[in-house]
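The values are calculated or read from the model by the stated rules, or taken from the named source; none is laboratory data. These figures come from a predicted structure and were not determined experimentally. Here the Cβ positions follow ideal geometry from the backbone for every residue, glycine too, while neighbour counts run over all protein chains shown.
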Amino acid sequence: MKKIIQLIALSLLAVLFINELKAQEPKSDLITVCYKTTMDCNDCQVTLTNYLKFEKGVKDLKVDLKSNTIKVVYKSEKNSPENLVKGIKKLGYEANPITEKEYKILVRESPGK
C-alpha cells in the first residue's frame, strides 16, 4: 500500500513539474504585417474584416476604409504574409505590402481622421 501511495505522489509531482516547464516556454512570436489595398466601400471593409478575422493565428486586425489599409497581427507559426495576401486576393482585392511606418502615415493622413 505504501508503494502505491508513493507511486501516486511521485506521478503527481512529475505532472506538476511538466506543467511548470510548459508554462515557462516562451510565447509564440507575433508578427505584424500591413497592406495597402483596393477596397472602396463599407461592404469591402466588412468583407475583408469578416474574412481575415478567421484566418489562422490572427490575434489583432484593423481594416481601415479611409486609408485603404489593413494591419494584421498573427502568430508566426500559424500563418504567413504570403497566405494573408493570397486570401485577400482571393476576395478580389489588391494586397500591396507596406511598412508599419507607411501604415501609420496613411492612417493619420487619410481624410476624415
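Take the conditions modelled with pLDDT of 95 or more, touching a Leu at 6+ places or on another chain (Cβ under 7 Å) and hydroxyl-bearing (Ser, Thr, Tyr) and apply them to residue 32. Does it pass?
Answer is no for this residue.
Output yes when any residue across segment 84-106 is under 13 Å from the mean Cα position of the chain (by Cα) and at pLDDT 95 or above, and no when none is.
yes
Can you tell me which residue within segment 59-76, out of those that are in contact with a helix residue (DSSP H, G or I) (Cβ under 7 Å, 6 or more places away or on another chain) and outside any loop (DSSP other than H, G, I, E, B), is surrounded by the most Cβ atoms within 10 Å (Cβ to Cβ)?
70
Under 8 Å between Cβ atoms, which residue pairs at least 6 apart in sequence (or on different chains) link something in segment 45-58 that is on the phi > 0 side of the Ramachandran plot with a partner that is crowded, with 18+ Cβ neighbours inside 10 Å?
If the second residue must be crowded, with 18+ Cβ neighbours inside 10 Å, the pairs left are 57/74; 57/79.
Taking residue 111 as the residue in question, decide whether it is surrounded by fewer than 14 Cβ atoms within 10 Å (Cβ to Cβ), part of a strand (DSSP E or B) and on the phi < 0 side of the Ramachandran plot.
no
Can you tell me how many residues in segment 82-103 are of a type outside the set (Val, Ile, Thr), assigned to a helix (DSSP H, G or I) and surrounded by 15 or more Cβ atoms within 10 Å (Cβ to Cβ)?
The number of residues fulfilling the criteria is 3.
Inside segment 74-113, can you point out the residues that are of a type in the set (Phe, Trp, Tyr) and over 16 Å from residue 44 (Cβ atoms)?
Result: 74, 103.
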